[in-house]
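Notes follow the structure.
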Amino acid sequence: MAQDTKRAAVEGDREDRISALPSNVIDGILELLPVKDAARTSILAQKWRYIWAMLPNLVLDKCFFGKIPPRLFKEIVNGILLQHIGVIVKFVLDFVGLPFSTYTDRDIDRWMRYVTRNGVKELTLDLPDIRTYKLPSYIINCPTLTYLELQNCLFNPPNSFLGFQNLIDLYLKKITFVPTPEFCVINVPRLVILSLISCDGTQYLNIVSPQLESLTLREFHSLVLNCFMNCKSLRALVFLEFDQVVEKLTLDKLLSSLPTLEVLVLGSIFLELLSAVIVPKGPPFTFYCLWHLSLSVDFGKLSQISCALQLIKSFPHLSKLQIWVSNGKFCGHALDMLMIWLIFALHTCEHENLLGISLYY
């Protein structure tokens, strides 16, 4: 009897220790757990019963869905949102790699309507390549968003679209911008980071973002750069993996209008495009703030090699240089010789601040 009493007292102490944890500690513990595991903590103690339902961050991704039978996907997502209490700060819904038949566009509409009405600030919606989801107006016009990541969606803003007024970071992958009678003006006055990956219809855009500091454009078949001419405060510019680029004069004009640029990453096709202007006369621009340069160079083309050297010379404060060999035919001894040549060539440029050179192939 005495032993049972002692055991009960010990168990009571253990329960008290859990229940006595500060709220911020409990929240921190639960935020580190997947939603499904966080929900299981409701059996630990009375105090914990509804804490998981007040979590501000809901991440429903591959890790989450990998532990659930596909036939239960929709039911479980509905249950999580139905039981949730309070504001949702971050919501991630990643269906990439999941069976198409487990949900419909109407299901996504319902979930997006719920989170946008509950103060969501960071929203991620990644869908598989086999479908394209038309973005509803309550995502496009959501005033609380500061971070937005979308994949495989159709962007067709309503006439009432005023832009993303509070958005700071925007990541769009495989987004199709629908043609409109006039240019689609995306007014994002607070946007700092913009990434566009393999998007279509960018020629219909006009992005107004006076505070934009980082612009990444990747995996385009072609691209019209005019829509970025209003982004005068860029500090980081990344252009990679293009099939073709239109109008080199537009590229020259864009680069010449960025006096505060600090980081520049260019794919080989851009070097080829710039070589027509840079090689015979030298660059029409000088970046005094630029310290990080990354170039993808086809060493099988003399024009790109010459253009790369001319660019390097035009950045007097360059301290970090990365060269990516885009021509897979070079290997072994040939690449070693290229590295020796590159170091010798850079030595003639007299870059006193250059701290590191990296060659990748």
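A few remarks follow.
- Pairwise FRET efficiency - Thr132 versus Asp109, Cβ, R0 = 22 Å, nearest 0.05: 0.95
- Nitroxide proxy distance, nm - points 7 Å out along Cα→Cβ at Tyr147 and Asn78: 3.0
- Checking the Cα-Cα distances for Lys121/Lys232; Lys173/Lys313; Lys67/Lys121; Lys74/Lys174 against a 29 Å cut-off, the pairs over it are Lys173/Lys313.
- Charge context of Lys232, other residues only, Cβ under 15 angstrom, K/R +1, D/E -1: 0
- With a Förster radius of 30 Å applied to the C-beta separation of Lys281 and Asn159, the computed FRET efficiency comes to 0.05.
- Sequentially through region 254-262, phi angles give Karplus couplings (6.51, -1.76, 1.60; θ = phi - 60°) of 5, 5, 5, 9, 10, x, 9, 4, 10 Hz, Gly and Pro residues having no value and appearing as x.
- Placing a pseudo-label 7 Å from each Cα along the Cα-to-Cβ vector at Ser306 and Arg49 gives an inter-label distance of 7.9 nm.
- Förster radius 56 Å - calculated FRET efficiency between Ser233 and Arg40, Cβ distance, rounded to 0.05: 0.75
Only the coordinates and a few stated rules stand behind these numbers; no lab work does. Because the structure is a prediction, the values reported are computed rather than measured. Positions of Cβ are generated from backbone atoms using ideal geometry, with glycine treated the same way; all protein chains shown enter the neighbour counts.
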